[in-house]
Each structure stands twice: as structure tokens, then as C-alpha cells.
Amino acid sequence: MLKEESVLPRRRRAIFSKVLMQEASVATFYYDESNNHRKLWIDPERRAYNIDRDTQRKVPVGRNFVLGGVMHYGANCSADVPALIASLNLDKSLKELKFKHIAAGDFDYCLKSQRVGSLLKWVIESDLYLHFFNINLEYWAFIDIIDDCLLWCHETSANFELRSLGEPDEFKDALYRVIRMDRASFLDMAWSFGYPNLEGKTEAFIAGLAGHVRSMLDSPGHQDELDEVGLREVVVRLSELLDASKGIDDMTLVQMEGEGVLVDAFTRFYDFTAETRPKDSLIMDMEANVKEHFDRRSTRLNTAVNLRFVDSKEDPLVRISDLVTGLVARCLQFVDDHSHEYLGEWSGRLNPRQTDNLALLKMLVDKSDNRDPMLLHRVVANSEKSKFELVLYPEHFHTLT
């Protein structure tokens, strides 16, 4: 079960006339994936994640898992895939189309590609829509700490005022940003308690985490970061929450995997996708371990899953989903890797092709979001949502504080 659901903010919705939903009908979703690391754990020797082993990568490793692609309503669509392939002017000998064949590098560099523009324009003009499920793995791995602390404070009437319904997400965002300030130091602290296997050590862990947060508040090297977009205030409140939770003797929401194991399998994310679209047709690029998981699930529950696995070479819209998902994943990672300040200045440095391609991406997001907001599903920190909006809709950010 997913911890929370979040869709794109409705900030742009008032600008567009709402496309009325048709009566419920079967839709067809095509899936590919990006950044499926299969497992995520803390490397005890390097105090880093297992996925961070290659420090020489030109593009930072993706911590945003994306499962998505294109979809259409009804059983058929009129999108002309051969016409798109012809417009991309690819090597005739190419047997399988992948994102690397239309662009390379980070999101900034991908926007320089003429082929990216051709792809986006083609999807916009077709009867296809963008859909994706995005989960920030680093955020996901630690947000249950906040829910457990709030639950404990509520149940024990601890001396801590729950000021508003919006606070849980604010605390989660603050913790996520504290982790990113000094990831190695945080992971060293978490590993020392065997996180997430905290049985018998929850009180000591919370005390250790409270000390880590205070050290970030007091560190001369992190004062500029704490001043970004009002972060200092919410980190102070996070410190207060952790201080009020120091007597906690049990954490029921943190999943007690093996020591250092943060995500034991990505199949739970595929489960969510299948369970939320029980009446639709789902077509997914072949992943042997995922197929085996669903085969076992069907046998165990004695029920069929509306999910079909295909070789991407045999289904053109699965190939298109690879391209779309690759671009979305690079966009989300670019947002995750940079500050509000950097992203605010970045948009003013784009060349004409980058500007045009970014505008096309915005059009595709708006087209899909207006058709059905749940096509775009994210489990990420509030600050990441804000930065994503800053990239797509900088006109809404008049000043940066």
C-alpha cells in the first residue's frame, strides 16, 4: 500500500477550459519504466546508497522511479507510429527504438534534441495522453518516520501541538531536505541504528535523528541552504517534533526490513498501478521478475490480473512509452538535483530549441492533466513538486525567497 498520493497542483487548471470526462470506458495504458533499481539499501562501507556506486557517471543516478508512458481511451487509437519513426530520421538498421536514440545526457541537454521536439509534438497532436507513476525513492525510504512520530505524539498526548492538517507533508519535506544537506552523515547515523530494522532501538534512533537535525541547524556550512524558500522555520519545527517524540518505544509504520534495506522490491509499485486500474487494459514492456511476481500473485489470489507483458519490439506504443518515460524521468531527476535558485535562473538561459521543447512538454502535461489529473501520480516531497512547477511554469514564481 502506498503511503500517500499526490497529483500535480491545480495551479494551471484555471487557465484552461476543463475537458469534460466521458462516461467511464475502458482505457488502454502502455508502460515502460525508468530507474528500476530493483532494490535500494544503504551501503555499510561507503555510507551511500547501493545505486551510487559509479561516481564517474556523467548523469547522476536516478532516484526517481518512473513507471508510465502513453495511453488512450477505448480499445483503439489513431496515432500513426510509422509517421513518427520516419520523422525522427533514425538509422534504418535500428532494430529497437530506445530513448538513447533520440537524446542523451541530462534534461537540460535532452531539450536541445530536435527528435525530442518531434516526439512531443506528435503525442500532443495524437489522441494519446501522457501518464506516469513517479516515486522519489529517497523520500519514500524515510517518510514513515514522520508518520510514526506524529502518531505517537497524538496517542500519548505528548507536549507537541499539531498546528494544522498540512503539517505531516511539511515535516516530511523538511526531513527529506535535511537528508540531502549531508547525505553521508545522515546515512552514517541511520546505519548505526540498523535503520529500518529498529526493533528495540526506536527511542535511541529518534534521539540520534534529533541530534542530527540540530547539527544541521547549527552548522555554519548549511546556513545558506536553510535560508532557501523558508526551510529554516520548518526544520526548527521538525526538531521540536523529534524532541517531543524521544520517548517513542515502537514504530509501527516503518517497515522492518533487514538492516539497511530501504526498498526490498519494486514490485509493490507495479501492484499499485494494477490495483488502481482494475477495469483498464494494461500493456507493459517485458520484465521477467515483474511478470513472475504477477504470475505468483494471480495463483495465490486465484484471480487474473489485467496486465499483459509484451516484447517492446512487437508493440509500437510500448516503444513510444520508453521514449516518453525516459524524458519524464530525466526531467524529474534534473528538478531533484538542483535548487529553487538554480532552476529559477536556468529557464532564462535556454536556447530557442530548448525553450520550444520545454513549451511542448508543458503542453503535453497540461493536455493529460486536464483530461484526468490521476494520469500523473507522484509521491515526492513538497519542495520537489514546487521545483517541478518552477521548471514548467516559471511565470508563477515572481520572486524567490
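Annotations for the structure displayed:
- When restricted to Cα atoms, segment 230-306 yields an Rg and a Dmax of 19.6, 52 Å, respectively.
- With contacts taken as Cα pairs under 8 Å at a separation of at least 6 residues, segment 139-261 carries a relative contact order of 42 percent.
- Environment charge at Ser126 (Cβ cut-off 11 Å; Lys +1, Arg +1, Asp -1, Glu -1): -1
- Those GluC sites (Glu not before Pro) in segment 50-140 that DSSP places in a loop and that have at most 11 other beta carbons within 10 Å: Glu96
- Based on alpha-carbon atoms, the Kirkwood radius and the radius of gyration of segment 196-261 give Rg/Rh equal to 1.06.
- Only Cα pairs under 8 Å and 6+ residues apart enter the sum, and on that basis the relative contact order of segment 63-197 stands at 31 percent.
- By the count of neighbouring beta-carbon atoms within 10 Å, fewest first, Ser78, Ser215, Ser368 end up ordered Ser78, Ser215, Ser368.
- Acute angle (nearest 10 degrees) that the helix 352-371 long axis makes with the longest principal axis of the chain, alpha-carbon atoms: 80
- For the chain, the relative contact order comes to 32 percent (Cα pairs under 8 Å, sequence separation of at least 6).
- Among 129-137, 353-361, the order from most to least packed when residues are scored by Cβ within 10 Å on average: 129-137, 353-361
- Treating r as the C-beta distance of Leu350 and Ala274 and R0 as 51 Å, the FRET efficiency rounds to 0.85.
- Ala75-Lys112 FRET efficiency (beta carbon distance; Förster radius 60 Å; 0.05 resolution): 0.95
- Surrounding net charge for Ser113, when Lys and Arg each add one and Asp and Glu each subtract one, Cβ distance under 14 Å: +4
- In terms of Cα atoms, the Rg and Dmax of segment 139-261 work out to 13.6, 37 Å.
- Highest-fluctuation residue, Lys95, Lys367, Lys291 considered, GNM on the chain with Cα pairs under 10 Å: Lys95
- Exceeding the 25 Å Cα-Cα cut-off - candidates Lys279/Lys367; Lys121/Lys279; Lys112/Lys367; Lys112/Lys291: Lys121/Lys279; Lys112/Lys291
Read the figures in this text as sums done on the coordinates, not as results from a lab. A quick note: this is a predicted structure, and the numbers were derived from the prediction, not measured. For neighbour counting, all protein chains shown are included, and Cβ atoms are generated from backbone atoms with ideal geometry for every residue, glycine included.
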